[in-house]
1. Quick one: which strands (runs of 3 or more DSSP E) sit completely within the stretch 51-124 and have at least 3 residues that are modelled with pLDDT of 95 or more, open to solvent by less than 40 Å² (accessible area, probe 1.4 Å) and within 19 Å of Gly27 (Cβ to Cβ)?
2. Write out, first by first residue and then by second, each pair whose Cβ atoms fall under 9 Å of each other, whose residues are 6+ apart or on separate chains, and whose first residue, in the stretch 295-315, is at pLDDT below 95 while the second is assigned to a loop (DSSP other than H, G, I, E, B).
3. Could you list, in sequence order, the residues of the stretch 343-384 that are acidic (Asp, Glu) and under 14 Å from Val316 (Cβ atoms)?
4. Looking at the stretch 278-297, which of its residues are buried (at least 20 other Cβ atoms within 10 Å of the Cβ) and either in contact with a His (Cβ under 7 Å, 6 or more places away or on another chain) or more than 16 Å from Tyr214 (Cα to Cα) (or both)?
5. Looking only at the stretch 524-541, which residues are within 18 Å of the chain's Cα centre (by Cα) and outside any loop (DSSP other than H, G, I, E, B)?
6. Could you list all residues from the stretch 40-55 that are touching a residue at least 60 places away in the same chain (Cβ under 8 Å) and of a type in the set (A, V, I, L, M)?
7. Is it the case, given these coordinates, that Trp140 is open to solvent by less than 20 Å² (accessible area, probe 1.4 Å) and more than 27 Å from Asn374 (Cβ to Cβ)?
8. Look at Thr135 and say whether it is within 29 Å of the chain's Cα centre (by Cα), in a loop (DSSP other than H, G, I, E, B), of a type in the set (Val, Ile, Thr) and buried (at least 21 other Cβ atoms within 10 Å of the Cβ).
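The values are calculated or read from the model by the stated rules, or taken from the named source; none is laboratory data. The shown structure was predicted, so the numbers you read here are calculated from the model rather than taken from an experiment. Don't worry about glycine lacking a Cβ; one is built from the backbone with ideal geometry, like all the others, and counts go over all protein chains shown. Surface accessibility is based on the protein's heavy atoms, side chains included, excluding ligands, DNA and RNA. Shrake-Rupley method; radii C 1.70, N 1.55, O 1.52, S 1.80 Å.
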Amino acid sequence: MKKLLLTIIAAMALTTLWAQVTPMLLGEKHAMLRVAQDKKYVLLPVQETEDIAAIAVLDARNEMVQRINVKLAVDRVDYYVPYELKGACLLDIEFHGDRRQKGALGEFVCWKEVKYSDTFDTTNREHFRPLYHHTPVYGWMNDPNGMFYKDGVWHLYYQWNPYGSQWENMHWGHSTSRDLVHWEAQPMAFEPDWLGSIFSGSCITNGNEVVAFYTTAGHHQTQSMAVSRDNGQTFKKYEGNPVITSDKPDFRDPNVFWHEATKRWVMILAVGQEMQIYSSADLKQWKYESSFGQEFGNHGGVWECPDLFKIGDKWVLLCNINPGGPFGGSATQYFVGQFDGHRFTCESMPKVTKWMDYGKDHYATVSFYNAPDNRRTVIAWMSNWQYANQVPTKQFRSANSIARDLGLFTFGEETYVSVVPSKEMLAVRGAKVKKPTEACEIVVDVKSQAEIVLSNAKGEQVVMTYDAAGQKFTMDRTKSGNVSFSDAFPCVTEAPTYGSIKQLRLFIDRCSIEAFDAEGKMAMTNLVFPSEPYNSIKVKGGKATVYEIKY
């Protein structure tokens, strides 16, 4: 995927200065580093296996302007991350972990490898970086946040660590698209403040304003808001933050929408293992309305990232959970029922659990606010908390799923959410080709029993089976390539099909396979890390057509 980072360009080799520095050593875990003032960035060397180094950034008056956590290199450099100096003069660094096993502080390789530069090279260095899925230009990404559509542009914010490719230092990154496939990186939207890190949340459009709601995660989790008057490019945080507080330890991920029947704004929050609902007339003063969740659905982990919306004459409540997924780790469950502006009522029996996707790598699903044509369009984080920090990439970690459109269907006495690739994926479908490529769509017309094997010359393979009699679809990635980085990664995932499948749509993109029943009754998303792309497909009990994807 081709992206531009507006403030960071790929020309580092021409403007970078290596500058071995002499730290001020203050103890076996404490040092200070005076930074140069003639360059835009200090490039910090990272070693991912090391413990966190807590860095307080001080200005010329020795006042702290920011805190960041970086895994500074001790004996090797895995990659660099940029810190924009903006008047920073001194880094006050406290190393965590057992220093007795690491040698003398003054001998750490980070002091020799610090660089100064006016630019930061974001040229892709990862052969697993997807070509048509959204990814951060560099650094760690998890939950999609604050998604909205306005004036022909889809806005996607996301949990981002710009100071490493593992979870830490939560900011909101920002990308935009006009077609849900090609994404352009935008400047950072939010960075942590003294209330805490910036956790997940949502955006609404209110006239000419875009209003963001997000969790500030400090000693406790509180809810804050910010307003943009330039279509979500920059935000001003509300002076009355936080707008909602609680004594609960897990109290996060506000999702806000307008409820027409009551003429009020509604916020749904994840609180432990339930969802709490609030309402407001002005977006500032919030009234608690009700809670939902006790005894309903899966409670194998903490509930997170809620979303509540109407499809047809019914309401759907998305509830992401970690752990507790059907095959371990994180996943998205949902409930179907009614909402009157005050209380959500689930129409299923309490013990019924419904999963939106039956793969291992589909989490934090939320929808775009104000999507056109009354669509309910969602994007998920394409990873799993069991191994997200260990997947075999370094420059970046994690991608988002392709955009999907939701609907409803019935099977037996239950109503389920249907999931199909968004129509924009048809617009990028290219010419037919004879064999799979690293970025393609495969359409498989299946019979009552089918087996689909994707493989490469290395003997790596993914085996998918469809069993009409058992009404199930499976995907086996145990021999898919590199599965050694986590014991939880090699697995076979299985999904109910709620009746028969006539056609499957498979989306392949370097490190992922997303499988859909063309009618929307089944979705399955799994990461794969083959040493070379799958270039062979064999189908028993069906016929496959392979299409290029125009990226």
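1. Values: elements: 53-58, 64-70, 79-84, 90-95, 115-117.
Per the criteria, 53-58, 90-95.
2. Correct list of pairs: Glu295/Pro350; Glu295/Lys351.
3. Across the stretch 343-384, the qualifying residue is only Glu347.
4. Within the stretch 278-297, Phe292, Gly293, Phe296, Gly297 meet the criteria.
5. Taking the stretch 524-541 as the starting set, the residues that turn out to be within 18 Å of the chain's Cα centre (by Cα) are 524-528.
Result: Met524, Thr525, Asn526, Leu527.
6. Once the filter is applied, which keeps residues that are touching a residue at least 60 places away in the same chain (Cβ under 8 Å) and of a type in the set (A, V, I, L, M), the stretch 40-55 yields Val42, Leu43, Leu44, Val46, Ile52.
7. Numbers: open to solvent by less than 20 Å² (accessible area, probe 1.4 Å): yes; more than 27 Å from Asn374 (Cβ to Cβ): yes.
For Trp140, the condition - open to solvent by less than 20 Å² (accessible area, probe 1.4 Å) and more than 27 Å from Asn374 (Cβ to Cβ) - is met.
8. Judged against the criteria, Thr135 is a match.
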